[in-house]
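A short write-up of the structure that comes next.
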Amino acid sequence: MGTTRLKHILFGPSARVLGWVIVWLAIFDLGVSLSFGSRAGSKTSLGRYFEYGRSVEGKLERSMAADPKSEGQILSAGWLSQEELRQRPSRPADGTDLLVAVYGQSFAMHAAHEAAAIDKRITIRGIGGPAAPPSHSYAGYKADVENRKADVVVFGILSASVPDMGSMSGLIWHFENPAPFTFPRYRVQAGQLTEEQPVIRTEAQFKQAFSTRSAEWDRFKAQLRTSDRGYDRFTFEQSPADASSIVRLVRRGWVAHDDGYERGVYDPQRGFDPQSEDLQALKAMLADLGERTRARGERLIVLLMHAKGQSDHLHAALAPSLEQAGIEFISTHAIFSANDPTNFLPDSHYVPAVNHRLAQALAERIRRPAPVR
Amino acid sequence: MNFASLQFAYFLIFGFALYALLSKRLELQNALLLVGSYYFYACWDVRFLLLIWLITGASYLTGRLIAQQQDPAQRKRSIAVYTVFALCVLGYFKYFNFFIDSAQTLLLGLGFEVRRVYLDIVLPPAISFYVFESLSYVIEIHHRHMPGTTKFRHYALFIAYFPKLVAGPIERPAVLIPQIEQPRFITEENITRGSFLILLGLFKKIVIADGMAPTVDSVFNSAQTPNAWAIALGTYAFALQIYCDFSGYTDIARGVSKLLGIELSQNFRFPYFSSNPSEFWRRWHMSLSSWLRDYLYIPLGGNRVGAVRTKVNLMLTMLLGGLWHGAAWNFILWGGYQGLLLVVNSFIKPPVFKGTAALVSRVVATVVFFQFVCYGWLLFRANSFEQIRNFTVELLTLSQPLAATVARPPLAALLGVAVLALYDLAAYRSGRATFYRDWPAPLRAGLYAVLVFLTLMGLASARSAFIYFQF
């Protein structure tokens, strides 16, 4: 390559323009940092928008430094510790005649509490985590058994959370607001449901490991790397690049366009793949749950809840095996359309009217005599 | 493989590096493009490679035959056979269930007992595009506008060339085949202009089209009929969505092709700055409208056959143009509506103004005509006839209180619309697509940086497929 050509590439008009593009982007980056980098700025909606792409560790560090009383913290939510479980009601409250234990996430809890508001003779014992997948709910049921004897067990499955069974913690799939609670990873191996427990299992353990970045934290990350389908070093690990709004935008886009959990499990057009590892594990879980509740004389009702745009896909995937196992269920597709966006709030929850219809169906089912098996 | 995906980015970077290494070795470059194009198509559905090969082989042989035939009657017979074959293939894959369903509905309406029958037919991606291109090839040879190409591999590349394969533009053989046969060079000009077109296309798609999608869906996927204001906002959002989705795709296609040294046709030229329907169709999906004009409207007699027949020809062309978009009655209705606009427009003699009055009348006509375009988009996007009826009644009667009950587009999309409006206006007024090159380097770089930054903001939101893939 001649000197003239090299000079042209390095200092020619295109190179000059490219250099200016970099300067402009640096100015934009700095502008965002100056405008929204302050504590007050980062609390505005635009400030939060540019913050979302901070790494998981970066966000955790900020959450732990924040005042838990004044800022919405979810560090403590979802942990399946006996201490937490023992704080829930273990028998029907005065004036009520049924203890309904609910395992799921906010969707299941909203429906259950609304059902209790409709039928005031119900006491709710709710065990859940933010957007928890069925593996968390199943582990929650097993951990909770010794604390109570419920009349009815409601097991809420949100269609959008099924692919998150490929995870072990709310840290990764809940990227925009990582919730560190952990739960086992379930697989079906040689026809048996197996359980891989997370290295970190309590909030105290988590806080200690993360704040000191101890060897246990490294062991936990190593476990996530191998056992969590969505783990990605670029999105998880903190680095000086967290300070750049452009890097944060790239990271956020990277996560938004990554379908690591859904790949091979869920397709927006075709629905769930019944052969996928997670669906197999979920069916095995439900069959096991059916046997466990039956053995304890509890009545099991599964809530199949469809997230926005997911049609009747969860019902199509699970109804045959639930019917075969003689497990009662309610599917939201028969109550409202998940493809109608007006049934959803901007935060993806059901609108109150729709939630009320689901709760009515649940309350009515709870009072209806259980079918003879 | 979606243009707006990492998979395509890897494909392009790797392919372009190989292409550059094969510089000055035309046949190897063409072979690489052909293999790459088939790989690109196979990523959608490998089964349909057989179909594209069938269309390629049949049209190539027909072209050779027509090129050798001196007798016009013989040539007409050959072309008729191929046209029937191509339309049967297209009809089977794209329209079979639609016609069966429509016939069954009609029979049921007439009181005949019929059992509903559907065939499980998967629509091959891009079928309308490459069938139309193969037809223009045999027709052009028949008219002796071009000789039949003697090298099958060149013709195969014309049909399968990946930048335009899935969603156009519908290329003319006389434009693309000579470029395939000529040596091509990678130049700084090609790289800078190509990269800009790719960036502009990604910006339109990711920032505006994808950003508008939730607003559009919140109106058109609603189980209840929204109020008139919401319907209007949803329809305006769809007008932006479909324009940016489709023209964004074309920009990326042209940009990618430019990198490779091959020029693809312009498919959009500021369509929303049109002040009447005939101008709109000279600016919107130009490769399809010129195809329909040259191979349907003119052979039907065009405007040389008297006033009434001309109107009938216009209407027929637009109805088929509507049907081309998909096997559904609302597309046919949309085509009919566009035909009606053209017919009505042919009766209107616009007043002649000068100076400021001309500018004002032009702006007013553009704003008014845009409302007609948008009502057409309502017909196009609606999920059912019932929805069209309900939305139209609500727009006319304003029976519900006016409130903006639509999902708000993200900030990036709103900023993006403003940036695009300024960009298009500047390009329109300058009359040059590359007007920004006259700007000093810092200003020009500022435009690129804004597009990059907004695209990154858009990328942070959810993804969606290109709308025109379904056609």
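The values are calculated or read from the model by the stated rules, or taken from the named source; none is laboratory data. Fair warning: this is a prediction, and the values are worked out from it, not measured in the lab. Cβ sites come from the backbone with ideal geometry, for glycine too, and all protein chains shown count toward neighbours. Note: accessible area is taken over every heavy atom of the protein model, side chains too, but ligands, DNA and RNA are not part of it. Shrake-Rupley method; radii C 1.70, N 1.55, O 1.52, S 1.80 Å.
Restricting A:F336, A:F234, A:F329 to residues that are part of a strand (DSSP E or B) and either at pLDDT 90 or above or in contact with a helix residue (DSSP H, G or I) (Cβ under 9 Å, 6 or more places away or on another chain) (or both) narrows the list to A:F329. Pairs linking a residue in region B:42-58 that is modelled with pLDDT under 90 to a residue that is assigned to a helix (DSSP H, G or I) and open to solvent by 80 Å² or more (accessible area, probe 1.4 Å), with Cβ atoms under 8 Å and 6 or more positions apart or on different chains, are B:C43/B:Q7.
Applying the condition of being modelled with pLDDT under 90 and of a type in the set (S, T, Y) to region B:303-348 and asking which residue is surrounded by the most Cβ atoms within 10 Å (Cβ to Cβ) yields B:T310. Return the pair list, or none, for Cβ contacts closer than 6 Å from residues in region B:79-97 that are modelled with pLDDT of 85 or more to residues that are surrounded by 16 or more Cβ atoms within 10 Å (Cβ to Cβ), at least 6 apart or on different chains. So the pair list comes out as B:I79/B:V138; B:I79/B:H142; B:Y82/B:T62; B:Y82/B:V138; B:A86/B:V131; B:A86/B:L135; B:L90/B:V131.
In the condition set (1) outside any helix (DSSP H, G or I); (2) of a type in the set (V, I, T); (3) modelled with pLDDT under 95, A:T293 is compliant with all but (1).
Under the condition of being surrounded by 23 or more Cβ atoms within 10 Å (Cβ to Cβ) and without any contact (Cβ under 8 Å) to a residue 60 or more places away in the chain, the residues counted in region A:104-115 number 1. Scanning region A:38-51 for residues that are within 21 Å of B:V450 (Cβ to Cβ) and either more than 33 Å from the chain's Cα centre (by Cα) or surrounded by fewer than 19 Cβ atoms within 10 Å (Cβ to Cβ) (or both) yields A:L46, A:G47.
I need the full set of residues from region A:11-61 which are assigned to a helix (DSSP H, G or I), at pLDDT below 85 and either within 23 Å of A:I74 (Cβ to Cβ) or touching a strand residue (DSSP E or B) at 6+ places or on another chain (Cβ under 8 Å) (or both), in order please. Selection gives A:F36, A:G41, A:S42, A:K43, A:S45, A:L46, A:G47, A:R48, A:Y49, A:E51.
For region B:392-430, the set of residues classified as within 14 Å of another protein chain (Cβ to nearest Cβ), open to solvent by 60 Å² or more (accessible area, probe 1.4 Å) and not in a helix (DSSP H, G or I) consists of B:Q400, B:A404, B:T405, B:R408, listed by residue number.
Considering only residues that are surrounded by 14 or more Cβ atoms within 10 Å (Cβ to Cβ) and part of a helix (DSSP H, G or I), which ones fall in region B:62-75? Listed by number, the residues that qualify are B:T62, B:G63, B:R64, B:L65, B:I66, B:A67, B:R75. Scanning region B:226-250 for residues that are surrounded by fewer than 22 Cβ atoms within 10 Å (Cβ to Cβ) and either in contact with a strand residue (DSSP E or B) (Cβ under 8 Å, 6 or more places away or on another chain) or not in a helix (DSSP H, G or I) (or both) returns a single hit, B:N227.
Listed here are the residues, each with its yes/no results for (1) at pLDDT below 90; (2) within 14 Å of another protein chain (Cβ to nearest Cβ).
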| residue | (1), (2) |
| --- | --- |
| B:V122 | yes, yes |
| B:I127 | yes, no |
| B:S136 | no, no |
| B:H145 | yes, no |
| B:I180 | no, no |
| B:E188 | yes, yes |
| B:G201 | no, no |
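Kindly provide the set of residues from region B:257-300 that are among the polar types (S, T, N, Q) and open to solvent by less than 30 Å² (accessible area, probe 1.4 Å), ordered by number. Result: B:S257, B:N267, B:S274, B:S275, B:S287, B:S289, B:S290.
Criterion applied to A:A316, A:A287 was being open to solvent by 20 Å² or more (accessible area, probe 1.4 Å) and under 23 Å from A:A101 (Cβ atoms), and the one residue passing it is A:A287. Hey, does region B:251-268 have a residue that's within 21 Å of B:A403 (Cβ to Cβ) and outside any helix (DSSP H, G or I)? Scanning region B:251-268 turns up no residue that is within 21 Å of B:A403 (Cβ to Cβ) and outside any helix (DSSP H, G or I).
Of all the residues in region A:290-313, those that are closer than 15 Å to A:A370 by Cβ and open to solvent by less than 20 Å² (accessible area, probe 1.4 Å) number 6.
Just one of the listed residues (A:P134, A:P130) is out of contact with any strand residue (DSSP E or B) (no Cβ under 7 Å at 6 or more places or on another chain), in contact (Cβ under 8 Å) with a residue 24 or more places away in the chain and under 22 Å from A:N177 (Cβ atoms), and it is A:P130. Against the definition (under 21 Å from A:Q280 (Cα atoms) and open to solvent by 60 Å² or more (accessible area, probe 1.4 Å)), how does A:E323 come out, yes or no? Judged against the criteria, A:E323 is a match.
Figure legend. Inter-residue proximity from region B:183-201: first residues over 24 Å from B:D424 (Cβ atoms), second residues part of a loop (DSSP other than H, G, I, E, B) and modelled with pLDDT of 90 or more, beta-carbon distance below 6 Å, spacing 6+ or different chains. Indicated pairs: B:R184/B:G261; B:F185/B:G261. Evaluate the following for B:A223: is it more than 19 Å from the chain's Cα centre (by Cα), within 18 Å of B:Y375 (Cβ to Cβ) and surrounded by fewer than 22 Cβ atoms within 10 Å (Cβ to Cβ)? Here the answer is no, as B:A223 does not meet what is asked.
All conditions in (1) in a helix (DSSP H, G or I); (2) open to solvent by 20 Å² or more (accessible area, probe 1.4 Å) hold for A:K120, with the sole exception of (1). For residues that are open to solvent by 60 Å² or more (accessible area, probe 1.4 Å) and of a type in the set (S, T, N, Q), scanning just region A:233-277, find the one that is nearest to the other protein chains (Cβ to nearest Cβ). By that ranking, first place goes to A:Q269. Within region A:309-316, one or more residues are more than 19 Å from the chain's Cα centre (by Cα), within 13 Å of chain B (Cβ to nearest Cβ) and not in a strand (DSSP E or B). Only one entry of B:T405, B:T455, B:T434, B:T397 meets the criterion of being at pLDDT below 95 and closer than 16 Å to A:F28 by Cβ, and that entry is B:T455.
Mind listing just one residue for me: the one in region A:149-174 that is part of a loop (DSSP other than H, G, I, E, B) and open to solvent by less than 10 Å² (accessible area, probe 1.4 Å) and, of those, nearest to A:E61 (Cα to Cα)? Looking at residues that are part of a loop (DSSP other than H, G, I, E, B) and open to solvent by less than 10 Å² (accessible area, probe 1.4 Å), I get A:L171. Could you please let me know if B:F453 is within 14 Å of chain A (Cβ to nearest Cβ) and either open to solvent by 10 Å² or more (accessible area, probe 1.4 Å) or farther than 16 Å from B:S247 by Cβ (or both)? Answer is yes for this residue. For region A:125-138, taking the residues that are surrounded by 23 or more Cβ atoms within 10 Å (Cβ to Cβ) and aliphatic (A, V, I, L, M), the one that is nearest to A:R294 (Cα to Cα) is identified as A:I127.
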